[in-house]
Amino acid sequence: MPQQFKGVIGRSVSESTPWWPEPVRAREGAPNVLYIVLDDVGYGQISCFGGLCETPNLDRLAANGLRYANFHTTALCSPTRTCLLTGRNHHSNAMASIVENASGFPGYTGEIPFENGFLSEMLTPHGYAAYAVGKWHLTPHFEMNMAARKDRWPLGRGFERYYGFMGGDTNQWHPDLVYDNHPIEPPRTYEEGYHLTEDLADRAIEFLTDLKNVAPEKPFFLYFCTGAAHAPHHAPTEWIEKYRGAFDMGWDKAREAIFERQTAMGIVPPGTQCTERPHWIPEWDTLSDDEKRLYARMMEVFAGFMSHTDHHIGRVIDFLTKIGELDNTIVVAISDNGASAEGGPHGSLNEANFFNRVPETVAENLAKIDELGGPNTFNHYPYGWTWAGNTPFQRWKREVHEGGVADPCIVHWPAGIEARGEVRRQYIHAVDVSPTVLDILGIEPPAAIKGVTQSPIQGTSFAHTLKEPDAASKHETQYYEMLGNRAIYHRGWKAVTYHGTEGMIYDGVTDPRKPFDEDVWELYHVEEDFSESRDLAGEYPEKLRELQDIWWIEAAKHNVLPLDARSIGRALGRPRLTTSRGKRFVYYPGGAPVETAAAVNTKNRSHTITAEVEIPEGGAEGVLVADGGRFGGYSLYVKDRRLCYSYNLLGKAVFTFTSDIEVPAGKGTLAFGFEKTGPQPFGPGGIARLYINGQQCGQGEIPRTVPFLFALGTGLQVGCDAGNPVTDDYASPFRFTGTLRRVIVDLSGPEPPRDLEQESRIEMARQ
């Protein structure tokens with residue numbers, strides 16, 4: 001509401017007194033706030049929590065601050081981030097899973113209610129600047145396009161500047177970047193030394209520099225979220241080489257070493273038992289020499305990625321020191337869930353293979369071992385390293401045993417915390433972080449934001465523990481639910497059940513389609529059994545029933561119901577963005593890439609692509625239209641006066657066809673046609689034909705095609721192929737130098753088959 005005018009208004013200016021409202025200013029000495037959010041980093045993966053990845057900059061925050069060793073998340077990234085930013089539970093935020101896996105129930109829509117304000121929206125009215133840098137993944141996928149409303153993009157939720165990527169993951173060498181509300185190309189190329197993490201640190205420093213150059217007294221809230229260490233594990237070679245041979249001992253001994261370090265550091269309480277290796281993870285010594293060599297290198301790459309990330313976090317910390325702001329900045333550094341097992345038993349060089357049901361072999365991947373971490377891979381390690389990274393706990397990301405929900409947390413604020421290097425054991429959850437910050441700042445959660453009445457904050461401040469190491473936790477009860485897996489923490493006890501996760505079945509027994517009533521619940525006294533090593537369900541059945549009853553009460557309170565174990569099939573009821581466009585799609589050059597969810601899908605069906613062009617007398621070259629990238633996709637382009645089409649089969653093969661006549665000058669059409677001939681419904685082969693001005697001028701066979709997903713994060717581009725190009729036949733962006741009027745994609749003909757299970761699996765790809 002505008003302030004009431006306090007001047008005088010007469011008949012003329014000479015009879016009047018002007019007045020200007022006081023600008024909103026934070027209280028003098030108000031601390032800054034910095035959230036550092038790591039991705040898919042397990043409890044035992046950073047060195048100040050016992051991990052074998054060297055993270056000296058996170059270590060110095062821990063040494064000069066506090067480590068919260070009993071910190072918890074939701075087991076998945078988007079849900080945890082909503083808890084962190086709103087102080088409400090993830091189902092209350094309608095974020096039961098990732099945004100791509102939304103369904104039509106209140107706790108599952110992926111549309112965070114405006115009644116649940118973000119910390120950014122709470123701080124800016126109190127004189128704070130608010131900036132978001134890095135991974136977002138909080139906007140529904142059907143709103144991640146240039147035609148969508150932007151009120152659920154970062155600038156719509158209280159942040160004044162944004163730079164990063166909107167989805168769950170991205171290529172670290174060729175990322176899908178957004179600046180404020182529009183996509184941009186990276187400022188440099190891989191060949192010029194570009195890496196996303198360095199770019200994010202540069203931009204964070206730039207935002208803070210801009211602020212301090214104009215308003216040095218103004219405090220800030222910086223939400224800094226790296227893409228690390230989510231796949232792809234990309235890092236400069238020199239950082240990977242730091243770990244050459246460091247993991248040859250294998251994951252069994254690595255886990256032992258991590259546990260010894262955790263015990264010596266006091267991260268785990270005395271008497272903690274390290275849980276046993278599950279039977280579906282092979283003992284390291286049973287692996288072949290080739291497997292050991294490959295898997296050890298995959299872990300070296302991950303460790304290099306982690307240390308490289310830490311280095312650039314250190315640059316942001318050093319900048320705050322340089323400008324004299326670090327001591328009075330409340331720094332909270334966390335991971336969003338446990339370590340990821342999405343690399344499967346063998347790891348992967350291109351995760352798109354998994355989503356297209358294309359197997360990878362050890363021999364195939366070993367042949368590219370020297371390319372791991374570079375631009376020719378989209379890589380992930382095998383889940384044996386996941387198990388080691390979650391030491392001392394059971395299980396991992398997506399699941400609600402401690403391996404999925406227990407994560408590192410560091411709090412650093414020298415101006416407000418006298419203790420240095422201490423470990424805190426109070427139970428806290430991601431929902432508690434923003435209430436704690438508000439408590440420290442003395443800011444009451446607003447009754448309304450932008451005219452919308454606000455819901456109650458559900459988290460609990462742990463500000464009292466900053467100065468009182470032995471203070472009791474005020475967070476007594478916390479439910480968990482993720483993809484049908486459920487747990488409840490209550491006053492030092494935890495009941496948990498693994499229902500199973502579709503598409504991620506490890507034990508070969510659990511069937512996530514079974515009734516929920518058949519689930520077997522376990523009971524742990526986590527106050528005394530930190531690692532969940534001793535199941536007490538048989539000894540204390542009444543305690544187990546008590547906790548189960550509490551779970552149902554919490555579930556009803558927070559929109560957890562109806563229970564839904566599907567990762568496969570949740571999102572398929574929502575109409576596709578392209579449904580209303582029929583079978584004829586028209587695209588024009590000069591716009592942003594069309595995000596995959598909003599672009600025409602040519603897979604598994606016959607189709608034609610026609611470009612209307614004007615070629616100058618001297619000829620022209622460049623890309624007419626491209627979809628996908630190095631790890632799968634197609635490109636229609638002109639090179640050396642010839643019309644060309646390249647089809648990239650998941651990086652395994654590239655089929656290129658060239659016209660047998662030159663492209664003439666003048667107005668005309670350049671076209672490609674694909675006739676499906678293969679018998680298989682998904683990924684069929686077919687005949688490729690090229691046309692110039694309606695005349696066929698080239699033909700060949702594509703024996704197999706990509707059935708479901710070209711490449712994560714790469715959309716359709718008209719007039720160029722910027723970023724990670726489909727083919728090595730040209731260098732990115734290879735912009736078309738003639739006049740391109742429009743591109744028409746025609747899908748006339750029979751509808752292609754649909755594999756609903758795999759479509760939904762792909763929706764879960766970008767976690």
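The values are calculated or read from the model by the stated rules, or taken from the named source; none is laboratory data. These numbers were taken from a predicted model, which means no experiment stands behind them. Cβ: placed from backbone, ideal geometry, glycine included. Neighbour counts: every protein chain shown.
Table for the structure above
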quantity: Of all residues making up the range 445-485, the number that are acidic (Asp, Glu) and in contact (Cβ under 8 Å) with a residue 60 or more places away in the chain; calculated: 1
quantity: The range 710-752, subset under 21 Å from GLY168 (Cα atoms), modelled with pLDDT of 90 or more and aliphatic (A, V, I, L, M), residue surrounded by the most Cβ atoms within 10 Å (Cβ to Cβ); calculated: LEU716
quantity: Test: residue in the range 281-290 that is in the same structural domain as SER340 (by TED's automatic domain parsing), free of Cβ contacts under 8 Å to residues at least 24 places away in the same chain and either closer than 30 Å to LEU66 by Cβ or part of a helix (DSSP H, G or I) (or both); calculated: yes
quantity: The range 227-275, residues that are in a loop (DSSP other than H, G, I, E, B), among the charged types (D, E, K, R) and touching a residue at least 60 places away in the same chain (Cβ under 8 Å); calculated: LYS242
quantity: Residue match in the range 70-87 (condition: free of Cβ contacts under 8 Å to residues at least 60 places away in the same chain and under 14 Å from the mean Cα position of the chain (by Cα)); calculated: yes
quantity: Hits in the range 581-594 (condition: more than 23 Å from VAL654 (Cα to Cα) and not in a strand (DSSP E or B)); calculated: ARG581, GLY582, LYS583, TYR588, PRO589, GLY590, GLY591, ALA592
quantity: Residue within the range 42-60 that is surrounded by fewer than 19 Cβ atoms within 10 Å (Cβ to Cβ) and of a type in the set (Gly, Ala, Ser) present; calculated: no
quantity: Some residue of the range 306-327 being surrounded by fewer than 24 Cβ atoms within 10 Å (Cβ to Cβ), hydroxyl-bearing (Ser, Thr, Tyr), under 22 Å from ASP199 (Cβ atoms) and under 20 Å from the mean Cα position of the chain (by Cα); calculated: yes
quantity: Where THR237 falls short, out of the listed (1) buried (at least 21 other Cβ atoms within 10 Å of the Cβ); (2) within 26 Å of TRP385 (Cα to Cα); calculated: (1)
quantity: Matching residues in the range 488-519 - criterion: being modelled with pLDDT of 90 or more and either hydroxyl-bearing (Ser, Thr, Tyr) or out of contact with any Leu (no Cβ under 9 Å at 6 or more places or on another chain) (or both); calculated: TYR489, ARG491, GLY492, THR497, TYR498, PRO515, ASP517, GLU518, ASP519
quantity: Out of GLU364, GLU360, GLU399, sole residue that is free of Cβ contacts under 8 Å to residues at least 40 places away in the same chain, in a loop (DSSP other than H, G, I, E, B) and assigned by TED's automatic domain parsing to the domain that holds PHE305; calculated: GLU360
quantity: Scan of the range 689-709 for residues that are crowded, with 20+ Cβ neighbours inside 10 Å, within 30 Å of LEU349 (Cβ to Cβ) and out of contact with any helix residue (DSSP H, G or I) (no Cβ under 7 Å at 6 or more places or on another chain), ordered by number; calculated: ILE702, THR705, VAL706, PRO707
quantity: Test result for TYR35, of a type outside the set (A, V, I, L, M), touching a Phe, Trp or Tyr at 6+ places or on another chain (Cβ under 7 Å) and assigned to a loop (DSSP other than H, G, I, E, B); calculated: no
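Residue by residue, here is whether (1) crowded, with 17+ Cβ neighbours inside 10 Å; (2) among the basic types (Lys, Arg); (3) not in a strand (DSSP E or B) holds:
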| position | (1), (2), (3) |
| --- | --- |
| VAL411 | yes, no, no |
| PRO414 | no, no, yes |
| GLU418 | no, no, yes |
| VAL437 | yes, no, yes |
| ILE443 | yes, no, yes |
| ILE457 | yes, no, yes |
| SER461 | yes, no, yes |
| THR465 | yes, no, yes |
